[in-house]
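Visitor: Okay, here's the structure, questions in a sec.
The values are calculated or read from the model by the stated rules, or taken from the named source; none is laboratory data. The structure presented is a predicted model; accordingly, all values stated were derived computationally and were not measured. Cβ atoms come from the backbone with ideal geometry, glycine included; neighbour counts cover every protein chain shown. Surface areas here come from the heavy atoms of the whole protein model, side chains and all, with no ligands, DNA or RNA. Shrake-Rupley method; radii C 1.70, N 1.55, O 1.52, S 1.80 Å.
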Amino acid sequence: MTKRTLLLIGSGGREHALAWRLRQSPSVGRLLAVPGNAGIAEEAECRDLDPMDFDAVVALARAEKVDLVVVGPEGPLAGGIVDRLEAEGIAAFGPTAAAARLESSKAFTKDLCKAENIPTADYARFGDAAAAKAYLERARPPYVLKADGLAAGKGVVIAADLPEARAAVDALMGGAFGGAGAEIVIEEHLEGEEASLFALVDGKDLALLPSAQDHKRAFDGDKGPNTGGMGAYSPAPVMTRARLAEAEARILRPTVEAMARRGTPFRGVLYAGLMITAEGPKLIEYNVRFGDPEAQVLMMRLAGDLVPALLAAREGRLAGTDLAFDERPAITVVMAARGYPGAYEKGSVIAGLEGLAGTPGVKVFHAGTARREGALVAHGGRVLNVTALGGDLAEARKRAYDAAERIDWAQGFYRRDIGWRALGRD
Ligand code: AMP
Ligand code: GLY
């Protein structure tokens with residue numbers, strides 16, 4: 001078998017999980033990462049370049065004769081990294097900038113849903129604060145307001161009353177989100193349980209991946225500020241077989257077909273954030289990449305070889321690709337720096353990870369770490385993802401928390417209740 005050289009773009013826990021699986025593919029000879037982190041460095045050769053510096057990424061891919069670039073985060077995708085690489089003759093997995101609009105413009109996605117009759121919350125778009133406030137007078141609480149563009153998960157406000165909603169209009173449109181807030185969407189508040197659904201998409205066809213559920217709030221009991229995700233598990237029991245089929249038929253497939261028909265076919269990972277309402281699954285939002293930390297639990301459960309599946313998606317030949325996953329559930333607990341998602345310090349020393357290597361069913365992915373004079377130090381808000389497989393979710397959870405307790409990092413914190421919804425069902 002010819003061995004390939006792969007280049008992974010990103011530096012979070014999602015990318016460490018991807019790097020770990022890519023490295024295990026028998027077809028991979030070398031794995032490079034830009035910029036990576038201390039955990040990714042155990043799997044790949046990290047290069048300290050800015051993923052948004054496409055000239056530098058292209059030069060590296062050329063110099064190292066990279067066969068496939070795998071892009072983790074949304075920023076470079078929305079900025080057109082795949083367009084640029086492919087134009088230079090370098091194969092890349094992920095959507096073009098035009099297809100990435102499914103994540104980079106909420107208004108684009110809402111309009112697409114309306115045109116294609118895809119179930120989602122009712123909405124209105126505004127480029128003007130006065131018009132948005134006039135609309136709020138006629139709407140009912142709670143009010144859901146969103147910046148149109150990419151805002152690192154911070155562009156959504158759920159306001160309980162009118163004064164709060166009006167203040168949110170000013171906050172979103174007032175420049176705090178730059179261009180992302182030039183336009184806003186106000187939408188109907190959906191009631192239900194949330195779940196995430198992932199699919200590999202090849203431009204015309206798709207292959208569902210397992211479902212997952214994340215915990216967006218910072219503190220136990222789903223309290224506190226929104227974060228990028230404090231933990232996740234897979235599968236999400238709320239995604240029954242019937243709901244999976246319904247979400248695929250009514251949400252994912254019509255989206256993939258519409259994108260192809262419009263001349264902007266979607267290739268890559270399509271991640272649907274769903275609300276399971278009394279009327280069935282409705283789309284909350286799309287992301288155009290793996291979730292973080294959902295990728296960590298999906299990669300923990302992956303049994304097949306990721307590389308052929310990514311190549312098949314890029315090359316428009318997904319039909320017949322069957323990516324195998326472990327039946328056993330997985331859970332991941334995010335260890336974050338005290339203060340996250342607000343201000344936090346970098347540089348505190350983390351110890352105890354060596355003792356966990358080889359613990360059955362446990363893998364610690366690095367999200368925001370670096371090495372300083374040989375020591376592992378925190379280098380971000382979300383720092384480690386303690387991930388475990390188990391015969392059932394309760395066992396997976398016990399393994400993850402037992403492992404987390406053995407990590408010596410006084411400046412970190414984590415939620416103690418990851419998986420509570422799923423476990424509460426038993
Ligand atoms: P988003 O960034 O669009 O996923 O929104 C962030 C979070 O806000 C979601 O995960 C939901 O918890 C919540 N949310 C967004 N839109 C709605 C909605 N229409 N109804 C209820 N909750 C929502
Ligand atoms: N876990 C949420 C996200 O990746 O957007």
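Visitor: Can you list the aspartates and glutamates whose alpha carbon sits under 18 Å from that of Lys3, skipping same-chain ones fewer than 8 residues off?
Guide: The reachable aspartates and glutamates, counting only those whose Cα sits under 18 Å from Lys3, are Glu43, Glu45, Glu64, Asp67, Asp305.
Visitor: Over the chain, give the accessible area per residue in Å² for a 1.4 Å probe, as an integer.
Guide: Averaged over the residues of the chain, the accessible area is 40 Å².
Visitor: Same structure, new question: Give me P(r) over the stretch 1-115, computed from all C-alpha to C-alpha distances, binned every 10 Å, as integer percentages.
Guide: Histogramming the stretch 1-115 at 10 Å steps yields 15, 44, 29, 10, 2 percent.
Visitor: Another one. Looking at the square roots a ≥ b ≥ c of the eigenvalues of the Cα gyration tensor of the stretch 198-252, which shape do they give, rounded for a/c under 1.5, prolate if a/b is larger than b/c, or oblate?
Guide: Prolate shape, in that a/c is at least 1.5 and a/b is the bigger ratio.
Visitor: While we're looking at this one, here's another question. Nearest 500 deg cm²/dmol is fine: what mean residue ellipticity at 222 nm does the chain get from its DSSP H runs of n ≥ 4 alone, each adding -39,500 (n - 2.57), divided by its residue count?
Guide: Only helices count here, giving -8000 deg cm²/dmol.
Visitor: Using only the alpha-carbon atoms of the stretch 165-278 as identical scatterers, what base-10 log of I(q)/I(0) does the Debye formula give at q = 0.15 Å⁻¹?
Guide: Debye intensities relative to I(0), on a log10 scale: -0.89.
Visitor: When a/c reaches 1.5 or more, the comparison of a/b and b/c decides; with that in mind, is the stretch 328-367 rounded, prolate or oblate per its Cα gyration tensor?
Guide: In terms of gyration-tensor shape, oblate.
Visitor: What accessible area, in Å² to the nearest ten, does a 1.4 Å probe give for Arg371?
Guide: Ignoring ligands and nucleic acids, Arg371 comes out at about 110 Å².
Visitor: From the C-alpha gyration tensor of the stretch 60-219, pull out the three semi-axes of the equivalent ellipsoid (sqrt of 5λ each), sorted largest to smallest, in whole Å.
Guide: 34, 18, 15
Visitor: Say the dipole of the stretch 259-362 comes from +1 at the beta carbon of Lys and Arg and -1 at that of Asp and Glu; which of Leu353, Phe325, Ala343 then lies farthest toward its positive end?
Guide: Ranked along the dipole, the leading option is Ala343.
Visitor: What pairs in Lys223/Lys398; Lys204/Lys282; Lys204/Lys363; Lys216/Lys398; Lys106/Lys154; Lys154/Lys346 have C-alpha atoms more than 25 Å from each other?
Guide: From the list (Lys223/Lys398; Lys204/Lys282; Lys204/Lys363; Lys216/Lys398; Lys106/Lys154; Lys154/Lys346), the Cα-Cα distance tops 25 Å for Lys204/Lys363.
Visitor: Among Gly155, Ala134, Gly203, whose Cα lies farthest out toward the positive end of the dipole of the stretch 72-220, if unit charges sit on the beta carbon of Lys, Arg (+1) and Asp, Glu (-1)?
Guide: After comparing all options, I get Ala134.
Visitor: Between exposed GluC sites (Glu not before Pro) in the chain, where DSSP calls loop and at most 16 other Cβ atoms lie within 10 Å, what's the longest gap?
Guide: Value returned for the longest uninterrupted segment is 89-187.
Visitor: In 20 Å bins starting at zero, report the fraction of Cα pairs in the chain per bin as a rounded %.
Guide: Percent of Cα pairs in each bin: 26, 61, 13, 0.
Visitor: Could you give the dipole magnitude of the chain about its Cα centre, charging the beta-carbon of Lys and Arg +1 and that of Asp and Glu -1, in debye to the nearest 20?
Guide: 240 debye
Visitor: Working from the alpha-carbon coordinates of the stretch 255-360, get Rg over Rh, Rh being the Kirkwood radius.
Guide: 1.05
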